[in-house]
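Student: One structure follows; several queries about it will come next.
The values are calculated or read from the model by the stated rules, or taken from the named source; none is laboratory data. In this text the structure is predicted, and so the values were computed from the model without any measurement. We place every Cβ from the backbone using ideal geometry, glycine too, and count neighbours over all the protein chains shown.
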């Protein structure tokens, strides 16, 4: 996998606007624009509405998962996580993308 990193939610939206990514791994707690707002902004971009977005958060409560899904994320993984579990999720999302 080729990976780019964004320092905050604004930078993530800017990166997705400029580059076609196969998937976004979205941290929920970022400065300037959190993961929920960044996801909503990405979903409004032309040709990016169906791009898979996987939420990463330290909050593993059902309400947190529901907020992620309501914002437009496709799946959710709680920190800390095992690398194998993350790779499983990423591969599954990449396989079912449009």
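Student: Go over the candidates 41, 5, 15 one by one and state the one that is without any contact (Cβ under 8 Å) to a residue 12 or more places away in the chain, farther than 17 Å from residue 76 by Cα and surrounded by 12 or more Cβ atoms within 10 Å (Cβ to Cβ).
Tutor: Values: 41 fails: without any contact (Cβ under 8 Å) to a residue 12 or more places away in the chain; 5 fails: surrounded by 12 or more Cβ atoms within 10 Å (Cβ to Cβ).
Sole residue among the options that is without any contact (Cβ under 8 Å) to a residue 12 or more places away in the chain, farther than 17 Å from residue 76 by Cα and surrounded by 12 or more Cβ atoms within 10 Å (Cβ to Cβ): 15.
Student: Next up: Among the numbered criteria (1) out of contact with any helix residue (DSSP H, G or I) (no Cβ under 9 Å at 6 or more places or on another chain); (2) outside any loop (DSSP other than H, G, I, E, B); (3) at pLDDT below 90, which single criterion is violated by residue 2?
Tutor: Of the numbered conditions (1) out of contact with any helix residue (DSSP H, G or I) (no Cβ under 9 Å at 6 or more places or on another chain); (2) outside any loop (DSSP other than H, G, I, E, B); (3) at pLDDT below 90, the odd one out for residue 2 is (2).
Student: Okay, next question. Can you name the residue in the range 50-66 that is touching a residue at least 12 places away in the same chain (Cβ under 8 Å) and either over 23 Å from residue 15 (Cβ atoms) or in a loop (DSSP other than H, G, I, E, B) (or both) and, of all such residues, is nearest to the chain's Cα centre (by Cα)? Break it down into steps so the answer makes sense when it comes.
Tutor: First pass over the range 50-66, keeping only residues touching a residue at least 12 places away in the same chain (Cβ under 8 Å): 50-60, 64.
Next, from what is left, pick out any that are either over 23 Å from residue 15 (Cβ atoms) or in a loop (DSSP other than H, G, I, E, B) (or both): 50-52, 58-60, 64.
Working: 50: 12, 51: 9, 52: 7, 58: 14, 59: 15, 60: 15, 64: 14 Å.
Per the criteria, the residue is 52.
Student: Could I ask something else about it? If I go through the range 67-80 residue by residue, how many of them are more than 20 Å from residue 49 (Cβ to Cβ) and out of contact with any strand residue (DSSP E or B) (no Cβ under 8 Å at 6 or more places or on another chain)? Quick ask: steps written out before the conclusion?
Tutor: Filtering the range 67-80 down to residues more than 20 Å from residue 49 (Cβ to Cβ) leaves 77-80.
From what is left, the residues that are out of contact with any strand residue (DSSP E or B) (no Cβ under 8 Å at 6 or more places or on another chain) are 80.
Going through the range 67-80 one residue at a time, the tally reaches 1.
Student: Looking at 88, 84, which one is assigned to a helix (DSSP H, G or I), loosely packed, with under 12 Cβ neighbours inside 10 Å and modelled with pLDDT of 90 or more? Before you say what the answer is, go through the steps one by one.
Tutor: On the way: 88 fails: loosely packed, with under 12 Cβ neighbours inside 10 Å.
Just a single option satisfies the conditions, and that option is 84.
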